[in-house]
Amino acid sequence: MAWGFTKKQFIILLVLLAVLAGAMVLYQQIYQRWPWQGTVEVASPTITVSPTPSETSGTPRVKTERDIIMEDVAQMIGEISPAQPVLGGHWFVDRFWFVIGSDSNFYVEYEDGHIMRRVLLEAQEKETGLSYEVIAYFEPGESQWTLKNGQDTQFGKNLDLYEFDDSLKSWEKKN
């Protein structure tokens, strides 16, 4: 054998390399990153009401029902999510997708810096404030979201996209 290995040592080396390769692939599947990639720390948008350009020019911006819901869900996503974040992290919202014509039915995409999730929520106004029912829960699939629990009652409907704008410190419509 080359390099002074016996046949038995060479087979053991091949088995160890195969186990190492399998462990790395498993790690990548679980954490959506390779072991040698550093942990990505993504700041959670903090919801503070600060003046927008229209407010500084004298015209106050009126909060819509969607604004109130997005701020509330962004703060409560850890309580709303049916899944726990990994590695002791915490959830934060990336974007909202509201069903056009509805302020109460919307998708929320959120992550903890390692994994992403999506829920379909229905907002309900109660005497104690807003409450949210999880209608469907999704995990990332190969090319789209995979339904893991519930029923996607809003599938195929037109949606309004909202993302957090750091300069305005608010959720802004993108489409």
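Here, each number is a calculation from the coordinates, and none is a lab measurement. Everything numeric in this text was worked out from a predicted model, so none of it was measured. Note: ideal-geometry Cβ built from the backbone for every residue, glycine included; neighbour counts use all protein chains shown.
Tabulated values for the structure
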| read-out | value |
| --- | --- |
| Spacing of the two label points (7 Å from each Cα toward its C-beta) at Gln151 and Gln9, in nm | 6.5 |
| Sparse-neighbour loop sites [chymotrypsin sites (Phe, Trp or Tyr not before Pro); the stretch 113-175; at most 12 other C-beta within 10 Å; DSSP] | Phe155 |
| Label point 7 Å beyond Cα of Lys174 along Cβ direction - residues of the stretch 66-97 with amide nitrogen under 15 Å | 93-97 |
| Environment charge of Arg95, counting only residues whose C-beta is closer than 9 Å and scoring Lys/Arg +1, Asp/Glu -1 | -2 |
| Area projected by the alpha carbon convex hull of the stretch 53-173, averaged over all directions, nm² | 9.0 |
